[in-house]
1. Return the loop-located GluC sites (Glu not before Pro) in the range A:214-273 (DSSP other than H, G, I, E, B) with at most 12 other Cβ atoms within 10 Å of their own Cβ; answer none if there are none.
2. Can you pick out the pairs among C:126/C:158; A:53/A:144; C:240/C:293 whose Cα atoms lie more than 28 Å from each other?
3. Run the numbers for residue A:44 and residue A:126: contour at 0.36 nm per residue of separation, minus the present Cα-Cα distance, in nm.
4. So for chain C, considering every pair of alpha-carbon atoms, how many percent are separated by more than 27 Å?
5. Among B:198, B:186, B:55, determine the one that fluctuates most according to a GNM of chain B built with springs between C-alpha atoms less than 10 Å apart.
6. Suppose every Lys and Arg Cβ carries +1 and every Asp and Glu Cβ carries -1, with no other charges. What dipole size does the protein assembly as shown come out with about its Cα centre, to the nearest 20 debye?
7. What total accessible area, in Å², is buried where chains D and C meet, using a 1.4 Å probe and rounding to the nearest 100?
8. Please report the antiparallel percentage of DSSP beta bridges with both residues in the protein assembly as shown, rounded to the nearest 5.
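The values are calculated or read from the model by the stated rules, or taken from the named source; none is laboratory data. This structure is a prediction, so every number in the text was calculated from the model and none was measured. Cβ placement follows ideal geometry from the backbone for every residue including glycine, while neighbour counts extend to all protein chains displayed. For accessibility, only protein heavy atoms count, side chains too; no ligands or nucleic acids. Shrake-Rupley method; radii C 1.70, N 1.55, O 1.52, S 1.80 Å.
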Protein chains: 4
Amino acid sequence: MKQKIGFMGMGIMGSAMSGNLLKAAYPVTVYNRSREKAESLVKKGAILAPHPKGLAENSEIIITMVTGPEAINALLWGTDGAAEAFNASKIFINMSSVSPLFTRELAAGLAATGVTFIDAPVSGTKQPAEQGTLVILPSGPKDKIAELEPLFLAMGKKVVYCGDVGQGSMMKMFINLLVGVMMEGLAEVVNFGRLGGLSMEAMLETLFAGAMNSPMFQVKAPNLEKQEYPAAFPLKHLTKDLKFVLDTAYDLKAPVPVAQTLLHLFEVGMAQGWGDEDISAIARVMEHLSPKKA
Amino acid sequence: MKQKIGFMGMGIMGSAMSGNLLKAAYPVTVYNRSREKAESLVKKGAILAPHPKGLAENSEIIITMVTGPEAINALLWGTDGAAEAFNASKIFINMSSVSPLFTRELAAGLAATGVTFIDAPVSGTKQPAEQGTLVILPSGPKDKIAELEPLFLAMGKKVVYCGDVGQGSMMKMFINLLVGVMMEGLAEVVNFGRLGGLSMEAMLETLFAGAMNSPMFQVKAPNLEKQEYPAAFPLKHLTKDLKFVLDTAYDLKAPVPVAQTLLHLFEVGMAQGWGDEDISAIARVMEHLSPKKA
Amino acid sequence: MKQKIGFMGMGIMGSAMSGNLLKAAYPVTVYNRSREKAESLVKKGAILAPHPKGLAENSEIIITMVTGPEAINALLWGTDGAAEAFNASKIFINMSSVSPLFTRELAAGLAATGVTFIDAPVSGTKQPAEQGTLVILPSGPKDKIAELEPLFLAMGKKVVYCGDVGQGSMMKMFINLLVGVMMEGLAEVVNFGRLGGLSMEAMLETLFAGAMNSPMFQVKAPNLEKQEYPAAFPLKHLTKDLKFVLDTAYDLKAPVPVAQTLLHLFEVGMAQGWGDEDISAIARVMEHLSPKKA
Amino acid sequence: MKQKIGFMGMGIMGSAMSGNLLKAAYPVTVYNRSREKAESLVKKGAILAPHPKGLAENSEIIITMVTGPEAINALLWGTDGAAEAFNASKIFINMSSVSPLFTRELAAGLAATGVTFIDAPVSGTKQPAEQGTLVILPSGPKDKIAELEPLFLAMGKKVVYCGDVGQGSMMKMFINLLVGVMMEGLAEVVNFGRLGGLSMEAMLETLFAGAMNSPMFQVKAPNLEKQEYPAAFPLKHLTKDLKFVLDTAYDLKAPVPVAQTLLHLFEVGMAQGWGDEDISAIARVMEHLSPKKA
């Protein structure tokens, strides 16, 4: 008999991931702050909880996949918060992107409830979430994580154990910083090439034939070609992640000169009102800094 | 009967590329400033020219694959320079990395000789050069370039036509800027992860499983793991290419904020004396900027 | 009769400022976490409080001048904390550098005590503190601040009213960002000039004769000349202030591209162990990034 | 009897400087590519030369004060160029901002004419040029420069000998990099303060009262306050100077991380079409990167 799952957060990622849990025959209870977003999961067989506490009472494993610290805190510690129903027989897994510092503080805050806390962010955005090909990055008690492998593999294709609790968040920042570097890098070189008279077609042909090709470029380059940026991974979320990276780097005294430039550029995108577009809209920032077209 | 090729520049790239021309049964004459480097090609069947002019007299197609503008100018216009033997029946192909501006100036300088000038840099470094899997980026007269396709495919796996002469150099800078972004990006995130307590093994497992994976990372990440940087693409050459990128961007008023940070970091590597190591030695710069190990 | 002052924080700044209050005939009670640092003030006539609460009980106006949020929180809310003795008849003035966000949170936390809270950081470091020539940057209730002008002028030469509580901290970040820009700028240009063969003497003669001359350069340039950096304003404190600037800029979506580069460079200085030297030791970072001397 | 001066370049700087030579009773012949700009000097008593060669024939000391290398080359080596009339009895002084590399190349090019070549750029812009309070930065033969001191002091208030020819240009870049740092720094902090709710009045009051005050801020801050940027030192010229700085730093392997960020930002200003405004228009770039006003 599969464990009863409570899944909170029905955004792009959470709805796809909980959908895959349903497909894998897990009994799933869902909750979302704005109820409408949970409807499609209910149609697929999920139970709708009235509030986080109700969800936690009804579940053995509680998962959060939301936009950040504030949302997690509200779900756990707000009115009828999930933490009220936590106890030593339950497992709580945060899969949202947060900083290692927040994760360690969260672990400290949860200690009194007795719940087993696992920090398990994911590498991958919309498409891998839908296809169940995420890379899952758990940290916390190694034996419990080993037992949860079937659950993780219902949502992803691979599980990488990252260490003590907080290190999953660290790994997530490691990978999202690289997402930022490569996304901005692509936008910067394509904008440079265009201003230098290269055709988009020739640039992409060269890019895809060489050693720099990557699945991410395959997915994002067409956005740059069409100059359309439908949100698979919203720019505002990566901006937030880059801020976590810089806060963590500050504490570690880790040099991150390119990460700093990236945060500046993504913030320019935020300031221009492009936060809800895809991260590939960083291409719009490049244009904003370029000569106006005649 | 295949065209007679004169190949100047027997460095990492040139010796591999001219070797592949020999394998493809082209008659090849070679020249290198320091004669020893040409010996291995002679053993494989190449003729050794006494000087660039002699090489050009003996060839229908003259190719240069050297370190930059100074070397090209010396080969063409120095004592017994190749340009003295150029005429309307010959083709000159520069495959070295240079700026578009230099290429256009070179085209102007060669006009009087009547030679057909083609600008054809390559994407790919040591291994693709040896395996004949380079991407060739020619620009210049389209019909001539079409006729040269068999020659290019003896050295590479793909030919991307880039436009008027100079645009091959532009494409090369487009691609090498991306090389710089991804190489520094990898070094920056790995250094960040290490300082944050992640294991190299877990970082690479995560990287290789996700959408950011690329052939380049497969090749370069092991260098970072071993902390050994044998030169496939010397750091000093990419530094020079980044300078060409910035000079070109300045003329185009193209915003290249990350490229500027990259040049700064690669110059720090040069200043520390790491120019002859591989571009992956940018990881040493990251360590140089990090807390000293206890 | 002058108001009874309680002054907490006997570092470089606090000991000089409270010394000036004594000179101006204010009755001053002092407290410092490590007692020895308070001794010299006691010799000058200050009363030593056993703990922050005792200091607050014995004072009408309580001032903190410490290294940041953690120290302030410990003094106010720790065991025998000052806040226990706060009430509507007392005034609390924080003169330490903190972020506007922290100041606003502090104001909210103090509201229940009824204390009048004024946020009054200062522009100027060791020498102006000793000479009583600081610029005082108060924010909070305008009428109360007007009444406190004699007190402020016992420590400084000028008072600039900055607005609602928190805006003093904002002004402090405004000015300290400029300190960072000019200090790094001086170090960067001097290092550049030296590598380019200019003599220090000629550089400073040119600098001091031109429109860029400033009192700060007069004070800091000799450090660069002697390559000695005795702490007037420790590098670690400006590093912390720059982090506050970047956190605030992030919330405001304010572009601070140079501030980001500065934080990176000052963090390199921290990583190398130069945090206790003066901010002018940023010159050592420039050398660390430069070619090694032959 | 004072030496006969030939002055080429009647821009903002050149017309003010040659005007001061006239005031000091030097006989002055002038030339400018567009003749109209020379008219006002002729009204003040200057002789108008028909072309650079004519000017040089008629002068003992020939001065250039133009926009850069291209303009200098055209005046010296173009049709009826000044260099045709150079000989061992004449002195040529370039006071324009150029790179040390260009200056050394120029010295080599002029050697055959026998002319004494002095490189003497200036620190100061419009107002000091008009008031004769420039700082003159000569390099070249020390004895000749000593003899020219009265001439230099007719245009400036101070002469700083910089070393061998080329070092004057190096000093000019040293000082103009600091101009760039301080100008961008002022714009960045003022924009940050505004977004954070500070009044312009309070910011400037704080700035002018503190250790960061400088004559330059006194002159430029009012532009930021009025948001009007009449050209005293055109943005396009400082952009060019920053490019010289970066080219020189590249050759020296000198770390100039902030200079790179500056060039990026000034280039954004160029791309937006603000090159003819004052350098203080970098404030417009800051706004361009900021949230749009509601």
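1. Taking the range A:214-273 and a limit of 12 other Cβ atoms within 10 Å, the loop GluC sites (Glu not before Pro) found are A:228.
2. C:240/C:293
3. Gain on extension, residue A:44 to residue A:126, equals 27.7 nm.
4. Working: 18491 of 43071 pairs.
So the pairs more than 27 Å apart make up 43 percent of the total in chain C.
5. B:198
6. 0
7. Looking at D and C, the buried total is near 5200 Å².
8. Working: 16 of 100 bridges.
Percent antiparallel among DSSP bridges in the protein assembly as shown is about 15.
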